[in-house]
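Each remark here refers to the structure printed beneath this line.
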Amino acid sequence: MKNVLPTSTVGSLPKPSWLAPPEKLWSPWKLEGEELIEGKQDALRVSLHEQQLAGIDIISDGEQTRQHFVTTFIEHLSGVDFKNRKTVKIRNRYDASVPVVVDEVTRQKAVFVDDAKFLRKQTDKRIKWALPGPMTMVDTLYDDHYQSREKLAWEFAKALNQEARELQDAGVDIIQFDEPAFNVFFDDVNDWGMATLERAIEGLNCETAIHICYGYGIKANNDWKKTLGSEWRQYEEIFPKIQKSNIDMVSLECHNSHVPFHLMELIHGKKIMVGAIDVATNTIETPEEVADTLRKALEFVAIENLYPSTNCGMAPLSRNVALGKLSALSAGAEIIRKEVGF
């Protein structure tokens with residue numbers, strides 16, 4: 001029964017090399033104008049095809065139509081200056097040149113809705129769309145207008161809610177909000193971060209998810225992980241608040257991480273996207289390694305609530321490696337289905 005342990009990616013997949021230079025974040029487009037629109041749609045088709053070949057159950061866009069999971073959404077909002085950038089420390093880990101909020105931020109038009117409609121036409125499977133969460137958006141730019149992370153987050157939450165409602169109407173089954181900042185700014189999460197995310201999902205009938213990770217497999221993130229000790233207990237700070245929220249699904253990193261599996265008990269009753277694929281290595285997991293991660297998770301999560309997935313996005317990896325990892329994810333889930341009699 002394929003509706004038990006439905007597999008999905010958490011975020012990005014590598015783009016074809018004819019669309020953007022491979023294996024890098026913020027990779028510039030190689031096409032422009034009408035050719036770029038057509039190229040993005042072709043990339044969506046390829047990404048869908050590769051996910052289906054690998055046996056993935058819940059299809060994502062693989063972020064084929066955006067350069068970056070946060071800034072592409074911000075580009076479409078008014079009140080943000082992308083030309084006169086400033087350098088900030090993102091996630092308290094690495095410096096980046098970022099856009100500046102210079103005026104009131106509002107959503108003038110849909111950002112991903114046409115792309116979602118296009119993907120919806122290509123498949124009958126459930127589709128998931130990722131949006132940046134309000135707190136992570138705040139952490140990915142310089143605020144010269146509101147002078148308050150919280151005020152800016154509430155404005156972003158409004159814009160995200162407008163986009164999410166239109167994505168739902170376009171046929172998206174699951175809307176996921178990416179909030180890596182939740183893993184860093186615990187006090188903010190509990191003071192206002194979770195509240196702004198609740199605002200972003202207001203009025204939605206589709207399923208909602210939150211993705212909280214330890215980041216792409218880039219050097220700054222890998223170096224940070226080395227400082228976290230033998231147990232990564234960041235989730236412990238925020239899961240109680242998430243457990244009380246209206247979010248349906250929570251993702252967490254498991255494979256090759258030091259997150260204690262028993263922390264899943266703090267979000268009892270939620271659907272849990274268990275990261276069984278390490279995105280910070282080119283080594284392709286074996287199906288048995290994936291199955292082992294899922295077995296450990298099943299000690300704390302009911303099988304109907306377990307959603308095998310990747311730890312994070314795979315944009316920095318090669319397409320062959322990413323496809324191999326997706327195939328291993330599906331094969332590992334199938335091992336467990338057979339073990340438990342589905």
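Listed values, structure above:
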| quantity | calculated |
| --- | --- |
| Pairs of Cα atoms farther than 18 Å apart, region 194-323, % | 56 percent |
| Neighbourhood net charge (12 Å Cβ-Cβ; Lys/Arg +1, Asp/Glu -1) for Asn205 | -4 |
| Most mobile listed residue (Tyr142, Tyr94, Tyr307) in the chain, GNM with C-alpha springs under 10 Å | Tyr94 |
| Max mean-square fluctuation residue, GNM over the chain, Cα-Cα springs under 10 Å, options Glu38, Glu75, Glu23 | Glu38 |
| From phi via Karplus (6.51, -1.76, 1.60), per-residue ³J(HN,Hα) for region 310-316 in Hz, x at Gly/Pro | 8, 5, 7, x, 10, 3, x |
| Relative frequency of Cα-Cα separations exceeding 17 Å in region 55-120, percent | 55 percent |
| Amide H contacts of Ala130 (H built 1.01 Å from N, under 5 Å, at least 5 apart or other chain) | Asp61, Gln176 |
| Over the chain: helical MRE at 222 nm, DSSP H runs n ≥ 4 each giving -39500 (n - 2.57), nearest 500 | -11000 deg cm²/dmol |
| Residue-wise HN-Hα coupling along region 34-46, computed from phi with Karplus coefficients 6.51, -1.76, 1.60 (Hz; x: Gly, Pro) | 4, 4, 5, 4, 5, x, 5, 5, 4, 5, 4, 4, 4 |
| Region 1-96: radius of gyration and largest Cα-Cα distance (Dmax), Å | 16.1, 53 |
| Positive-pole candidate from Thr65, Pro21, Phe82, dipole of the chain, charges at beta carbon | Pro21 |
| The chain, dipole about Cα centre (Lys/Arg Cβ +1, Asp/Glu Cβ -1), debye to the nearest 20 | 340 debye |
| Highest average packing first - 143-151, 246-254, 45-53, Cβ atoms within 10 Å | 246-254, 45-53, 143-151 |
| ³J(HN,Hα), Karplus 6.51/-1.76/1.60, whole Hz, each residue of region 109-125, x for Gly, Pro | 8, 5, 9, 10, 5, 4, 5, 5, 4, 4, 5, 4, 5, 8, 8, 8, 6 |
| List His68, His76, ordered by accessible area with a 1.4 Å probe, largest first | His76, His68 |
| Principal axis box of the chain, alpha-carbon based, largest edge first, Å | 57, 45, 39 |
| Per principal axis, descending, Cα span of region 293-333 in whole Å | 34, 18, 15 |
| Anisotropy class of region 172-214 from Cα gyration tensor, a/c 1.5 cut | oblate |
| Region 93-187, Rg to Rh (Cα coordinates; Rh as Kirkwood inverse mean 1/r) | 1.02 |
| Loop-located trypsin sites (Lys or Arg not before Pro) in region 87-120, at most 13 other Cβ atoms within 10 Å (DSSP) | Lys109 |
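The values are calculated or read from the model by the stated rules, or taken from the named source; none is laboratory data. Owing to the predicted nature of the structure, the values given are computational and were not obtained by experimental measurement. Positions of Cβ are generated from backbone atoms using ideal geometry, with glycine treated the same way; all protein chains shown enter the neighbour counts. Protein only, heavy atoms only, side chains kept; ligands, DNA and RNA dropped before computing areas. Shrake-Rupley method; radii C 1.70, N 1.55, O 1.52, S 1.80 Å.
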